[in-house]
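Written out below as structure tokens is the structure these notes cover.
Derivation of every value follows stated rules applied to the coordinates shown; laboratory data play no part. Computed from a predicted structure; not experimentally measured. Heads up, the Cβs are rebuilt from the backbone with ideal geometry, glycines too, and the neighbour counts pull from every protein chain shown.
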Amino acid sequence: MALVAVTLAVAAVPETLSLIVTLILTQGARKMAAKNALIRQMQAVKTLGSTSVICSDKTGTLTMNKMTVKRLWMYGGEPFADDAAFDADRIAFLEKLSLACIATVGTDEEGQEKIFGDPTETAIVRLAKEKGIPCEHLGDTYPKVAEIPFSSARKMMTAVVKDPRGGYLVLTKGAFDRLPIVRTDYGYGKKLEEVHDSFARDALRVIALASKRIEALPADLSELEKDLTFEGFVGIIDPPRPEAAAAIAKAKVAGIRTIMITGDHAATAGAIARELGIIAANEGIITGQELQKLTDDELAESIEFYSVYARVSPEDKIRIVKAWQARGDVVAMTGDGVNDAPALKAADVGVAMGITGTEVSKSAAKMILMDDKFSTIIEAVAEGRNIFSNIRKLVYFLLVCNISEIIVMLFAQFMNWALPLTPIMLLIINVLGDGIPGMALAKEESDRRIMRRKPIARDESFFGGGLLDVIIQQTVAFAVVTLAAFYIGQHVGFGGVQPSEEVGRTMAFLVTGWTSILHVLTVRSRKNLYKYRIKDNPQLFVSCGVMLLVFAAIALIPSVAGALGLGTLDGLHWLVTIGLTLVPTLIAEYGKFWDAVKSRSAEKNRVP
């Protein structure tokens, strides 16, 4: 009974499962790293394959983060392009914009002139330099005496410089709808809104500038940001990444919804979203102010109607993530700032920017985009689906092999038979017959149509899609042929070989080992074997061929066979063994063929 217990324990434990799963995850992480997606937490590799919603920042991920000033407007005039002639008034306006920036002009490691700072501000300073304004020396003429820094909550910043004519000049730049401008009449405000919206509809990021003069600095600097006079707008283009639209379309085919989250104005965000194919018209756009008016329950109920979130705060991002998760979606969230860390933590897969991201955001994320491209996320999702598919194949492979071994051992006990397989035989089968070919599954590439399927739902069974039925079918087939081999060897003699337990164990050992090896070819795909291409995974076919020969050699070499308690087989024994080995594979192939016939029939009968 002790020997039986040990045998059952060996049969029940898939010794190579953890090793092969680790290899599959490691192989996937290596492939992702080669595509500029660095995985920080291994379990994120599989979670990516189930992603159904990607919440992406606009700047730098969906766009190139290469800001360029394209259009300007000063109150009372007409909009003018960056390459237009700049008179004294335009130069003065551009000079004020530069003074309101904290970007600096310096030299890089190679001694070349470079503008350091935020991309939006560097675009302004770059244009000022092109127009002959000595930005690096403006501080000598207009010394900065105070500053209220920009924050994502306020959407603006203020710089105070000493005016050489006396007093101080207060310069505030930021989002037009946040600037505390003195609006003299309705027509004044309406005109500003019309110009602002015309800029935004052309996918320009609009920065407004307002100013005032003061004689002395107040004790409370917040008093500076009151009663400002509007100066003008600057429209900055941040072109979409060339590959972003194609990646979003690929995600849509795969059942993955792309959500744009940005601090830009709704009109600017909508224009970019339409260009990228996220939305078709003006539908699905909500602002942070509108979002804050919704309760968590109301947001969860209406979240699916919005694809663009404009003027949002970092706190809004967490609510957006949780609202999508409440619907059962698996959410990936991109971020680059310190304030994005909570949202990255809350998401199923937090994705930090490798180029522009802060160390805090990278620490909170499970994946880092080394090139900051949205298309890299889609590549990672495809690899995640491939990994999930390979793990599913591995579980299918090992469950059939191990459960069939348990059935064989239990059936023999119930029938009062001798043990068909000893513990050492089972170990050899599990390590060599299952383990070596199973390791090659780590390099398996899934069906090319894998990104045309819907994401795997959170509550979807691991054994869905008919997998459980196939597992049961193959498990029974494996057990039957092994028991049949043991019975024939124990009771039927061929040639000069008399039936015995040793002959029965030898046939059972070969049938169990060989069927396990051939089974790895069955689990590769729902396609029939004759459709496989060896070049897709040559290591799998080589390992199968070598292991088939190894098991044959174990039975043929007298010293090895004797040490394991195996007997000598006649030629007819070998033929019967080979025939029984092929039975499970033939059953599986027939099942695949019949499924393909039913699938084609369903396609023909489908109503167009």
(request) Name the residues whose placed amide hydrogens come within less than 5 Å of the amide hydrogen of Asp163, ignoring near sequence neighbours (fewer than 5 apart) on the same chain. (result) Tyr168, Leu169
(request) List every residue whose amide H lies under 5 Å from the amide H of Asp57, counting only residues 5 or more places away in sequence or on a different chain, with H placed 1.01 Å from N in the peptide plane. (result) Ile261, Thr334
(request) Take every Cα pair under 8 Å in the chain that's 6+ residues apart, average their separations, divide by the length, and report that relative contact order as a whole percent. (result) 17
(request) Match the structure shown to one of the listed values (i) 44; (ii) 35; (iii) 29 of percent of Cα pairs over 42 Å apart, computed from it, and give that label. (result) (i)
(message) Over 29 Å between Cα atoms: which of Lys322/Lys454; Lys173/Lys250; Lys70/Lys190 fall into that group?
(response) Lys173/Lys250
(message) Greater than 22 Å separation of Cα atoms is the criterion. Which listed pairs, Lys144/Lys212; Lys96/Lys212; Lys31/Lys393; Lys373/Lys443, meet it?
(response) Lys373/Lys443
(request) Calculate, in nm to one decimal, what Thr229 and Glu315 gain on full extension: separation in residues at 0.36 nm each, minus their alpha carbon distance. (result) 27.9 nm
(request) At 0.36 nm per residue, minus the direct Cα-Cα distance, what do Arg448 and Arg526 gain on full extension? Give it in nm, one decimal, please. (result) 26.8 nm
(message) What distance in nm lies between label points placed 7 Å from Cα along the C-beta direction at Glu275 and Arg165?
(response) 3.8
(message) Quick query: amide H of Ala146 versus all other amide H atoms, modeled in the peptide plane; which residues come in under 5 Å with a sequence gap of 5 or more or a different chain?
(response) Val160
(request) Would you mind giving the average projected area, over all directions, of the Cα convex hull of the range 506-563 in nm² with one decimal? (result) 4.4
(request) Could you work out the local net charge near Gly76, counting Lys and Arg as +1, Asp and Glu as -1, over the other residues with Cβ closer than 10 Å to its Cβ? (result) -1
(message) For Tyr487, Tyr142, which order do you get if you count the other beta carbons within 10 Å of each Cβ and list the fewest first?
(response) Tyr487, Tyr142
(request) Take Met370, Met547 and order them by how many other Cβ atoms sit within 10 Å, fewest up front. (result) Met370, Met547
(message) Test of understanding: what is the full-extension gain from Lys535 to Glu78, defined as 0.36 nm times their sequence separation minus their Cα-Cα distance?
(response) 158.1 nm
(request) Calculate, for Phe305 and Val4, the FRET efficiency according to 1/(1 + (r/R0)^6) with r their C-beta to C-beta distance and R0 56 Å; round to the nearest 0.05. (result) 0.35
(request) Assign one of three labels to the range 465-555, namely rounded, prolate or oblate, based on the Cα gyration tensor with a ≥ b ≥ c the square roots of its eigenvalues; rounded applies when a/c is under 1.5, prolate when it is not and a/b is larger than b/c, and oblate otherwise. (result) oblate
(request) List, in order, the whole-Hz ³J(HN,Hα) value for each residue of the range 348-358 obtained from phi through the Karplus relation with A = 6.51, B = -1.76, C = 1.60 and θ = phi - 60°; use x for Gly and Pro. (result) 5, 9, x, 10, 9, 7, x, 8, 9, x, 7
(message) I need the calculated FRET efficiency for the pair Ala153 and Ala88, taking r as the beta carbon distance and R₀ as 41 Å, to the nearest 0.05.
(response) 0.65
(request) Express in whole angstrom the spacing between the alpha-carbon centres of the range 292-364 and the range 83-126. (result) 33
(request) Give me D for the range 68-237 in µm² s⁻¹, whole number, from Stokes-Einstein with Rh from the Kirkwood sum over alpha-carbon pairs, 20 °C and 1.002 mPa s. (result) 130
(message) Angle check, please: helix 244-253 long axis (alpha carbons) against the longest principal axis of the chain (alpha carbons), in degrees 0 to 90, nearest 10.
(response) 40
(message) Within a 10 angstrom radius of the beta carbon, how do Cys401, Cys544 rank from fewest other beta carbons to most?
(response) Cys544, Cys401
(request) Compute the acute angle (0 to 90°) between the alpha-carbon long axis of helix 88-99 and the principal axis of greatest extent of the alpha-carbon atoms of the chain; round to the nearest 10°. (result) 50
(request) Enter the angle in degrees (range 0 to 90, nearest 10) between the Cα long axis of helix 2-12 and the first principal axis of the Cα atoms of the chain, meaning the one along which they spread out most. (result) 40
(message) Looking only at the chain, where both bridge partners belong to it, what percent of the DSSP beta bridges are antiparallel (to the nearest 5)?
(response) 65
